[in-house]
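Scroll down for the structure; my scribbles are underneath it.
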Amino acid sequence: MPDIHTRPHPDATVAAALDRLPRERLPELLRRIPKAELHIHIEGSLEPELIFSLAARNGVALPYDSVEALRAAYAFSDLQSFLDIYYAGASVLLHEADFHDMAWAYLQRAAADGVRRAEIFFDPQTHTERGVPIGTVIAGLSAALTKARAELGVDADLILCFLRHLSEEAAFETLDAALPYRDHFIGIGLDSSERGHPPSKFERVFARGRALGLHVVAHAGEEGPPAYIIEALDLLQTERIDHGVRCVDDPALVARLAAERMPLTVCPLSNVKLCVYPTMAEHKLPALLDAGLCATINSDDPAYFGGYMNQNWLDTFAALPQLGAREAWQLAANSFEAAFADADRKAAWRAEVDRVVLEVAG
Ligand SMILES: Nc1ncnc2[nH]cnc12
Ligand SMILES: [Zn+2]
């Protein structure tokens with residue numbers, strides 16, 4: 001299979017360091033290894049404390065008495081039960097400074113977790129439907145990204161997501177409204193309620209996005225069937241699949257994803273919190289890596305699912321003894337391979353991964 005040949009491999013010195021790294025040093029490696037985060041909804045980084053302080057700043061009433069009461073509501077049974085609370089939380093975002101403060105808080109956490117590159121989803125329709133101009137959303141987020149490049153050494157870009165429970169016509173209107181800010185985002189994506197809203201519903205708006213030179217990704221195979229992943233590949237011509245874990249139900253699809261080195265932006269804590277898997281120990285990430293897929297680890301909605309990048313890495317490796325230092329290297333290398341950054345920067349981050357491995361292994 002071509003995957004065996006195209007999957008990146010560590011050079012001999014790095015491979016030897018990975019093999020001699022004792023298991024007790026693994027958490028240090030996971031924390032320090034440079035990584036790209038490719039699946040983070042910025043509205044999902046809104047911590048309860050920030051929701052309350054923005055609500056007070058903007059005079060927005062919340063249906064919860066306290067931060068603790070809000071956090072206590074974060075017990076989800078599936079994707080929709082989460083989305084209902086997630087959209088309610090975003091209602092406190094009104095002004096440019098609110099979007100800036102939310103993104104800046106995320107970027108500081110990302111920097112602390114060794115994230116060198118972040119490709120950040122935002123949901124303009126969640127805000128424009130409440131009367132917030134799209135220019136306000138993009139200006140606030142962009143200002144934080146510019147500051148992060150200069151002050152945190154985190155290279156970040158935005159990906160505009162369409163809400164799939166809304167119509168394709170609404171997605172077209174959103175794309176049109178965003179075009180004056182074309183330089184401020186690098187791609188389009190598809191998120192929100194998956195079941196009943198297949199990628200085929202958005203075939204024409206994605207064709208338009210591709211014609212505009214935008215990168216193209218889509219959530220598929222989180223709760224939805226493998227057929228949705230196939231539609232995303234064939235009809236939307238995605239460059240990555242967000243989640244995609246349900247590909248395991250279709251071995252031919254797994255073989256195709258491996259052969260094409262189609263990246264999957266996997267979100268382990270999210271999958272457990274939204275009951276895609278009953279426990280982390282049952283997560284299919286090891287099987288995806290074994291099959292030669294370009295799988296990556298990401299946080300999805302870290303304020304709601306129990307942690308940011310490093311928490312995802314630490315909890316995943318702690319629950320799955322099949323994952324060791326070799327897989328940590330592979331996941332970091334996969335994340336840079338799958339990133340929409342230029343080749344020089346990717347090569348520099350990859351070299352840094354190797355330097356950190358050699359340092360931690362001693
Ligand atoms: N995990 C997820 N799936 C679909 N849409 C989302 N929007 C925010 N998080 C999401
Ligand atoms: Zn997501």
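The values are calculated or read from the model by the stated rules, or taken from the named source; none is laboratory data. All of these numbers come straight from a predicted model, not from anything done at the bench. Cβ: placed from backbone, ideal geometry, glycine included. Neighbour counts: every protein chain shown. Calculation scope for accessible area: heavy atoms of the full protein, side chains included, ligands and nucleic acids excluded. Shrake-Rupley method; radii C 1.70, N 1.55, O 1.52, S 1.80 Å.
What the table below lists for this structure:
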| quantity | calculated |
| --- | --- |
| Number of the exception - Tyr74 against (1) within 14 Å of Glu47 (Cα to Cα); (2) in contact (Cβ under 8 Å) with a residue 24 or more places away in the chain; (3) open to solvent by 20 Å² or more (accessible area, probe 1.4 Å); (4) assigned to a helix (DSSP H, G or I) | (4) |
| Checklist (1) of a type in the set (Asp, Glu); (2) open to solvent by 10 Å² or more (accessible area, probe 1.4 Å); (3) touching a helix residue (DSSP H, G or I) at 6+ places or on another chain (Cβ under 7 Å) applied to Asp123, failing item | (2) |
| Residues (within 27 Å of the chain's Cα centre (by Cα) and open to solvent by 50 Å² or more (accessible area, probe 1.4 Å)) located in region 3-22 | Ile4, His5, Thr6, His9 |
| Failed condition for Gly213, given (1) assigned to a loop (DSSP other than H, G, I, E, B); (2) within 16 Å of ligand 1 (Cβ to nearest atom) | (2) |
| Matching residues, region 229-259, being within 20 Å of the chain's Cα centre (by Cα), of a type outside the set (A, V, I, L, M, F, W, C) and either modelled with pLDDT under 95 or more than 29 Å from His184 (Cα to Cα) (or both) | Arg246 |
| Single residue of Phe340, Phe317, Phe336 found to be in a loop (DSSP other than H, G, I, E, B), touching a residue at least 60 places away in the same chain (Cβ under 8 Å) and either of a type in the set (A, V, I, L, M) or within 28 Å of Leu46 (Cα to Cα) (or both) | Phe340 |
| Filter result (closer than 25 Å to Leu163 by Cα and open to solvent by 50 Å² or more (accessible area, probe 1.4 Å)) within region 62-71 | Pro63, Arg71 |
| Among (1) small (Gly, Ala, Ser); (2) open to solvent by less than 20 Å² (accessible area, probe 1.4 Å); (3) out of contact with any Cys (no Cβ under 7 Å at 6 or more places or on another chain), the one test that Gly306 misses | (2) |
| Cross-chain or 6+ apart pairs with Cβ under 7 Å, region 222-242 first and under 21 Å from Phe336 (Cα atoms) and of a type in the set (A, V, I, L, M, F, W, C), then in a strand (DSSP E or B) and within 12 Å of ligand 1 (Cβ to nearest atom) | Ile241/Ala218; Ile241/Ala220 |
| Residues of region 310-347 classified as in contact with a Lys or Arg (Cβ under 9 Å, 6 or more places away or on another chain), small (Gly, Ala, Ser) and under 23 Å from Arg240 (Cα atoms), total | 6 |
| Which numbered condition Phe82 misses (of (1) open to solvent by 10 Å² or more (accessible area, probe 1.4 Å); (2) within 16 Å of ligand 2 (Cβ to nearest atom)) | (1) |
| Top-ranked residue in region 141-169 [being of a type in the set (Gly, Ala, Ser) and either surrounded by fewer than 16 Cβ atoms within 10 Å (Cβ to Cβ) or within 19 Å of the chain's Cα centre (by Cα) (or both); ranked as nearest to Ile241 (Cα to Cα)] | Ala156 |
| Residues within region 320-329 that are open to solvent by 30 Å² or more (accessible area, probe 1.4 Å) and in contact (Cβ under 8 Å) with a residue 40 or more places away in the chain, tallied | 2 |
| Among (1) open to solvent by 40 Å² or more (accessible area, probe 1.4 Å); (2) within 26 Å of the chain's Cα centre (by Cα) - the single one Gly44 does not satisfy | (1) |
| Residues located in region 243-265, provided they are out of contact with any Gly (no Cβ under 7 Å at 6 or more places or on another chain) and buried (at least 24 other Cβ atoms within 10 Å of the Cβ) | Leu257, Pro263, Thr265 |
| Per-region count, region 216-231, residues open to solvent by less than 20 Å² (accessible area, probe 1.4 Å) and within 13 Å of ligand 1 (Cβ to nearest atom) | 7 |
| Matching residues in region 123-155 - criterion: being farther than 13 Å from His41 by Cα and outside any helix (DSSP H, G or I) | Glu129, Arg130, Gly131, Val132, Pro133, Leu152, Gly153, Val154, Asp155 |
| Qualifying residue in region 108-129 (condition: more than 19 Å from the chain's Cα centre (by Cα) and of a type outside the set (Ser, Thr, Tyr)) | yes |
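Every residue, every condition in (1) free of Cβ contacts under 8 Å to residues at least 24 places away in the same chain; (2) among the small types (Gly, Ala, Ser); (3) farther than 29 Å from Pro34 by Cβ, yes or no:
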residue: Thr136; (1), (2), (3): no, no, yes
residue: Gly140; (1), (2), (3): no, yes, no
residue: Ile159; (1), (2), (3): no, no, no
residue: Ala177; (1), (2), (3): no, yes, yes
residue: Phe185; (1), (2), (3): no, no, no
residue: Glu203; (1), (2), (3): no, no, yes
residue: Arg210; (1), (2), (3): no, no, yes
residue: Leu214; (1), (2), (3): no, no, no
